[in-house]
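All remarks here apply to the structure that follows.
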Amino acid sequence: MVIGATGSGKSTLARRLSNKLGLKHIELDKLLFDKELERVSDTTFRKRVVSLSKKESWVCDGIFYNIADLLWPKADLILWVGAPLITIYRRVLLRSIYRIITRKTKPGGQRETFRTAFGKDGIVRVVPHIYSNVQREYPKLISELNLENKVIKMKSKKDINNFLEKLSET
């Protein structure tokens, strides 16, 4: 399980792990939307996550606190990508501009627009709020679910590359 704030690099790490280990990569963002790209109810989302968690092996990434109780305890390892806020902010800004220009869709299938990126509730404007929530909520959840021994926090590309290198050695 790979967790972290928006723009921290969790999906990139999860894809790399998935490829290295030969496991299915599941982005929770994709479970959050239906075929018409409408957000599903919390009940439907939780049912989708429960179904996913029954599979034997997976690499999953997402930020969602409301399903931590369903997935995190079933993970062999929880990798927390804790990049600094300035790094995250730069990534989200550049990614949003790229998606607007190229019309590339987000993981759930929606198109990024100037409004969804930079509007009142746009991702670029809410990144600091998301980041502070992650910094506050993840330690609580990890403690409440008694998962301290499963969590590895990585704060830089160097930490991630060292982890992947050690994984290759085993």
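The values are calculated or read from the model by the stated rules, or taken from the named source; none is laboratory data. All figures in this text were calculated on a predicted structure; none of them were measured in a lab. A quick note on method: Cβ atoms are made from the backbone with ideal geometry, for glycine too, and the neighbour counts reach across all protein chains shown. Protein only, heavy atoms only, side chains kept; ligands, DNA and RNA dropped before computing areas. Shrake-Rupley method; radii C 1.70, N 1.55, O 1.52, S 1.80 Å.
Data overview
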{"read-out": "Percent RCO, i.e. relative contact order, over region 1-154, from Cα pairs under 8 Å lying at least 6 residues apart", "value": "31 percent"}
{"read-out": "Where Rh is the Kirkwood radius over Cα pairs, Rg/Rh for the chain", "value": "0.95"}
{"read-out": "Accessible surface of the chain, 1.4 Å probe, proportion on carbon and sulfur as whole %", "value": "52 percent"}
{"read-out": "Listed residues L94, L79, L52, most fluctuating in the chain (Gaussian network, C-alpha, under 10 Å)", "value": "L94"}
{"read-out": "Global geometry of region 114-170, whether rounded, prolate or oblate, following the gyration tensor of its Cα atoms and the 1.5 cut on a/c", "value": "oblate"}
{"read-out": "Of the trypsin sites (Lys or Arg not before Pro) in region 26-75, those whose Cβ has at most 11 other Cβ within 10 Å and which sit in DSSP loop", "value": "K35, K54"}
{"read-out": "Size of electric dipole in the chain: Cβ of Lys, Arg +1 and of Asp, Glu -1, about Cα centre, debye, nearest 20", "value": "600 debye"}
{"read-out": "The chain - accessible surface per residue (Å², probe 1.4 Å)", "value": "59 Å²"}
{"read-out": "Kyte-Doolittle mean at least 0.5, axial Cα span of 15 Å or more - DSSP H helices of the chain", "value": "85-102"}
{"read-out": "Tensor-based shape of region 6-58 (alpha-carbon gyration tensor, a/c under 1.5 rounded, otherwise prolate or oblate)", "value": "oblate"}
{"read-out": "Highest-fluctuation residue, R15, R90, R115 considered, GNM on the chain with Cα pairs under 10 Å", "value": "R115"}
{"read-out": "Pairwise label distance in nanometres, E56 with D69, each label 7 Å out on the Cα-Cβ vector", "value": "2.9 nm"}
{"read-out": "Positive-end residue of L94, T44, G7, charge dipole of region 1-120 with Cβ unit charges", "value": "L94"}
{"read-out": "Local electrostatic count, E165, Cβ distance below 14 Å [Lys/Arg +1, Asp/Glu -1]", "value": "+3"}
{"read-out": "Top of K120, K153, K24 by mean-square fluctuation, Gaussian network on the chain, Cα under 10 Å", "value": "K120"}
